[in-house]
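Below is one structure, written out as structure tokens, with a few remarks after it.
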Amino acid sequence: MNILRRARVLYVLHRYPIKHDVWEAVTGKLAVLQGLTSVEKAHLRELSTLFLHDKKIYGAQGFEVSEAMRVQVAAIACLPILHLGIGLFSVWSDVVIYADAFRVSRDETDEMGIVHHQDRVLSGESWSRGPVILSWRDIEQDSQRGHQGHNVIIHEIAHKLDMLDGSANGIPPLHVAMPVPPWTDAFSTAYAALNHRLEHHHEVCVDPYAAASPAEFFAVFSEYFFCAPDILRAHFRDVYRQLQLYYRQDPLSRICADKTAGQPIHETVQW
């Protein structure tokens with residue numbers, strides 16, 4: 001980080017800090033943030049402060065967004081980049097929040113060049129250099145469900161990270177120390193296995209929407225990585241390992257630590 005950028009970051013953190021009582025009230029109720037160390041929580045608060053300063057978060061169709069709502073969106077949005085840096089969010093600036101699921105209507109061209117009219121109801125959407133669009137009702141439901149693998153904010157942030165190289169293909173720009181073949185092998189194998197089970201009408205342990213495309217697979221599995229890491233690691237160990245390397249986090253260890261807090265030391269958690 002150069003001197004001018006660091007000076008700006010320090011200025012923002014000093015001048016526009018998130019109020020302590022608001023931060024504690026908001027983050028204390030979010031299951032996805034449980035198990036973070038005190039150092040991680042402090043860093044997440046800093047990232048969230050920078051996020052709120054750099055992004056415009058506003059309601060659509062007259063929906064009013066409170067300070068607590070903004071803090072909640074910022075905290076969850078910054079969790080995936082906790083050890084990656086706020087710079088990954090520099091190419092976009094707006095977060096639009098609807099009160100509920102929203103309808104989109106557009107024409108899309110398939111691989112054969114045929115135009116199809118799409119009319120869908122969504123809980124979230126991301127554009128490469130445009131806004132992140134979210135449904136507040138879905139955000140609230142995700143926070144109430146706890147560790148069940150669903151989080152619309154993380155889903156859309158994963159799309160944003162995926163599109164940093166210009167395309168949504170399920171492969172975000174990987175770190176220098178992460179060779180591409182292990183990533184593609186792990187994800188391709190898991191994606192094929194999921195589609196195979198669905199095609200044969202077998203029960204699956206993750207949201208079937210992950211099979212819609214490689215991009216949706218990465219986004220859905222990012223949700224499970226942070227919200228239900230026990231499920232992801234138990235059934236897709238290689239994918240979990242690649243996401244662990246990419247996000248530079250191990251959510252499963254946080255859940256284990258949180259579950260064992262206050263328990264006798266001779267007890268063990270079975271996964």
Answer residue from the range 243-257, given it is in contact with a helix residue (DSSP H, G or I) (Cβ under 9 Å, 6 or more places away or on another chain) and over 17 Å from LEU84 (Cα atoms) and is modelled with the lowest pLDDT among those | CYS256
Taking the stated definitions as given, is GLU64 more than 19 Å from the chain's Cα centre (by Cα), in a loop (DSSP other than H, G, I, E, B) and without any contact (Cβ under 8 Å) to a residue 60 or more places away in the chain?
-> yes
Only one of (1) within 19 Å of the chain's Cα centre (by Cα); (2) touching a residue at least 12 places away in the same chain (Cβ under 8 Å) fails for HIS53. Which number is that?
-> (1)
When residues of the range 25-35 are limited to those that are part of a helix (DSSP H, G or I) and either of a type in the set (Gly, Ala, Ser) or in contact with a Gly (Cβ under 6 Å, 6 or more places away or on another chain) (or both), the one modelled with the highest pLDDT | ALA25
Among the residues of the range 229-242, is any surrounded by 24 or more Cβ atoms within 10 Å (Cβ to Cβ), among the hydrophobic types (A, V, I, L, M, F, W, C), at pLDDT 95 or above and under 14 Å from the mean Cα position of the chain (by Cα)?
-> no
Filtering the range 195-226 for residues that are surrounded by fewer than 22 Cβ atoms within 10 Å (Cβ to Cβ) and out of contact with any Lys or Arg (no Cβ under 7 Å at 6 or more places or on another chain) leaves a count of 20
For HIS159, work out the one condition from (1) under 28 Å from VAL91 (Cα atoms); (2) out of contact with any Leu (no Cβ under 9 Å at 6 or more places or on another chain); (3) not in a helix (DSSP H, G or I) it doesn't fulfil.
-> (3)
Of all residues in the range 213-247, which are in a loop (DSSP other than H, G, I, E, B) and without any contact (Cβ under 8 Å) to a residue 12 or more places away in the chain?
-> none
Output the qualifying pairs, or none if there are none: Cβ atoms under 6 angstrom, residues six or more apart or on different chains, first residue in the range 125-137 and within 17 Å of ASP54 (Cβ to Cβ), second residue modelled with pLDDT under 95 and loosely packed, with under 14 Cβ neighbours inside 10 Å.
-> ARG129/VAL91
Can you find even one residue in the range 35-47 that is among the aliphatic types (A, V, I, L, M) and touching a strand residue (DSSP E or B) at 6+ places or on another chain (Cβ under 8 Å)?
-> no
From the residues in the range 90-111 that are of a type in the set (Gly, Ala, Ser) and surrounded by 11 or more Cβ atoms within 10 Å (Cβ to Cβ), which one is modelled with the lowest pLDDT?
-> ALA101
Could you list, in sequence order, all residues of the range 141-175 that are at pLDDT below 95 and hydrophobic (A, V, I, L, M, F, W, C)?
-> ALA168
Pairing a residue in the range 196-212 that is under 20 Å from ARG237 (Cβ atoms) with any residue that is loosely packed, with under 11 Cβ neighbours inside 10 Å, where Cβ atoms lie under 8 Å and the two sit 6 or more apart in sequence or on different chains, gives ARG197/GLU203
Report yes if some residue within the range 51-69 is of a type in the set (S, T, N, Q) and surrounded by 15 or more Cβ atoms within 10 Å (Cβ to Cβ); otherwise report no.
-> no
Candidate set: the range 129-156, residues that are of a type in the set (S, T, N, Q) and in contact with a Phe, Trp or Tyr (Cβ under 8 Å, 6 or more places away or on another chain); chosen: the one farthest from LEU243 (Cα to Cα) = SER135
The condition of being under 18 Å from the mean Cα position of the chain (by Cα), closer than 21 Å to TRP136 by Cα and in a helix (DSSP H, G or I) holds, among VAL73, VAL22, only for VAL73
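The values are calculated or read from the model by the stated rules, or taken from the named source; none is laboratory data. Just so it is clear, the model here is predicted, and its values are computed rather than measured. Backbone-built Cβ (ideal geometry, glycine too); neighbour counts: all protein chains shown.
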